[in-house]
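Visitor: One structure, as structure tokens, below. Some questions next.
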Amino acid sequence: MNQPSIFVEQARVLDLVSLPAEQYVIRLQAPECASTVAPGNFIHLQCDHTPYALKRPFSVMRSHAEAGWIEILFKVVGSGSAALAKARIGDHLQAMGPIGNGFELSAEDAIPLLIGGGVGIPPIVFFAEELKKSAGKTAMVVMGSEIPFPFDVQHSQQSLAGMPKGIDAAMGLLEDINVPSRLSSKQGYAGCFDGYVHELAEKWLSGIDPHQQSKIEVFACGPTPMLQAVATFCQRHQLKCQLSLEEHMACAVGGCAGCNVLITENGQQSMRRVCVDGPIFDANIVYPAV
Ligand SMILES: Cc1cc2nc3c(=O)[nH]c(=O)nc-3n(C[C@H](O)[C@H](O)[C@H](O)COP(=O)(O)OP(=O)(O)OC[C@H]3O[C@@H](n4cnc5c(N)ncnc54)[C@H](O)[C@@H]3O)c2cc1C
Ligand code: FES
């Protein structure tokens, strides 16, 4: 996918919702960004007003082009995110974006399997909604979290071929648009698969018809160990897989090389910048099969 234009705008805080475990959803009026943002893109956002404070990268979770807003979901982990959690409605925060490439299906008849872990959930939600809305495609979505899920969890009425018995916890927002989803956690939450999200994904995959299985394309965002595990099971099942990586970022526009990652392509190693060459990469170049 081509890189979108990167806009710099003073985004107005429209809403800030506090969720359990220091998670927040912030809605920003950022019409330029909202008009072109695609699933997988992120914004580089001012979090506080102290002089010289660095912006922080956050994936866009939802957008509304006509109304001109974007939403991000974030967890407080340090000073930047803590300051953002104190933003007030009406505040203006400088937002650069959308930045980076987006998730993309490679074949028209592909069946998308979307996997999100922790703060990797936002771009997965965006992609699932967009696939349904723009391409009429229904993805299978699995998401995992070890803290309370940052959204309304429902017990799904849809039974899903290949899904282990009793696993019926689903994301309400996706249920409402008839996109099947299932949740995993090791915290014993009702209806969730007891294990990691990549284990749930592989269990479901192993239970479906082999013809369907061969059409699966996997898209994942989450912590590094989860991405590595997803890459490994995709290699085992010979599935195409795109991973959204997270790295520390200073400039977010390709100038500082602070976000470099090592990739291996055709046996050659080189560095790529997560901000502008990614954040989405083919799993096989990030974690080559051994
Ligand atoms: C492309 C991209 C998309 C992201 N999307 C989201 C999102 O949707 N929601 C969300 O909550 N977070 C997201 N993040 C992570 C978010 O940018 C960091 O949590 C944030 O920058 C932390 O800033 P801080 O000042 O609060 O914490 P800091 O004080 O900077 O760091 C606190 C802790 O978090 C770790 N950390 C900080 N930044 C990163 C990073 N980029 N990758 C891995 N570990 C990090 C630090 O090592 C430290 O342990 C994303 C990161 C990237 C690169
Ligand atoms: S953050 Fe500066 S090059 Fe990516």
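Only the coordinates and a few stated rules stand behind these numbers; no lab work does. Treat the numbers as computed from the prediction; the structure is a model and nothing was measured. Note: ideal-geometry Cβ built from the backbone for every residue, glycine included; neighbour counts use all protein chains shown.
Visitor: Once phi is turned into θ = phi - 60°, what whole-Hz ³J(HN,Hα) does the Karplus curve with 6.51, -1.76 and 1.60 give for every residue of the range 136-143, x standing for Gly and Pro?
Guide: Each residue of the range 136-143 in turn: x, 9, 9, 8, 9, 10, 10, 9 Hz.
Visitor: Now for a different question. Past 22 Å, Cα to Cα: identify those pairs from Lys132/Lys165; Lys165/Lys186; Lys55/Lys186; Lys132/Lys215; Lys55/Lys132; Lys75/Lys137, in the order given.
Guide: Details: Lys132/Lys165 26 Å; Lys165/Lys186 17 Å; Lys55/Lys186 33 Å; Lys132/Lys215 18 Å; Lys55/Lys132 32 Å; Lys75/Lys137 30 Å.
Too far apart for the 22 Å limit: Lys132/Lys165; Lys55/Lys186; Lys55/Lys132; Lys75/Lys137.
Visitor: In deg cm²/dmol, rounded to 500, what helix-only [θ] at 222 nm does the chain give when every DSSP H run of at least 4 residues adds -39500 (n - 2.57) and the total is split over its residues?
Guide: Numbers: 9 runs with 68 residues, N = 290.
Calculated at 222 nm, the ellipticity per residue is -6000 deg cm²/dmol.
Visitor: Points 7 angstrom from Cα along the Cβ direction at Val17 and His211: gap in nanometres?
Guide: 4.1
Visitor: Which of these, Glu129, Glu246, Glu22, has the largest mean-square fluctuation under a Gaussian network model of the chain (Cα springs below 10 Å)?
Guide: Most flexible of the set in this elastic network: Glu22.
Visitor: Give me the number: length gained by fully extending His237 to Thr36, i.e. 0.36 nm times residue separation minus the C-alpha to C-alpha distance, one decimal in nm.
Guide: On the way: separation 201, 0.36 × 201 = 72.36 nm, distance 3.44 nm.
The span from His237 to Thr36 would gain 68.9 nm if fully extended.
Visitor: While we're here: With springs connecting C-alpha atoms under 10 Å apart, model the chain as a Gaussian network and identify which of Asn266, Asn101, Asn178 has the largest mean-square fluctuation.
Guide: Taking springs between Cα atoms under 10 Å, the residue moving most is Asn266.
Visitor: Now, a different point. Return the single residue from Ser184, Ser214, Ser134 with maximal mean-square fluctuation; model: Gaussian network over the chain, springs between Cα atoms under 10 Å.
Guide: The residue with the greatest mean-square fluctuation here is Ser134.
Visitor: Something else: Please give the contour-minus-distance gain from Gln269 to Ala65: 0.36 nm per residue of separation, less the Cα-Cα distance, rounded to one decimal in nm.
Guide: Details: separation 204, 0.36 × 204 = 73.44 nm, distance 3.95 nm.
Extra length from Gln269 to Ala65 when fully extended: 69.5 nm.
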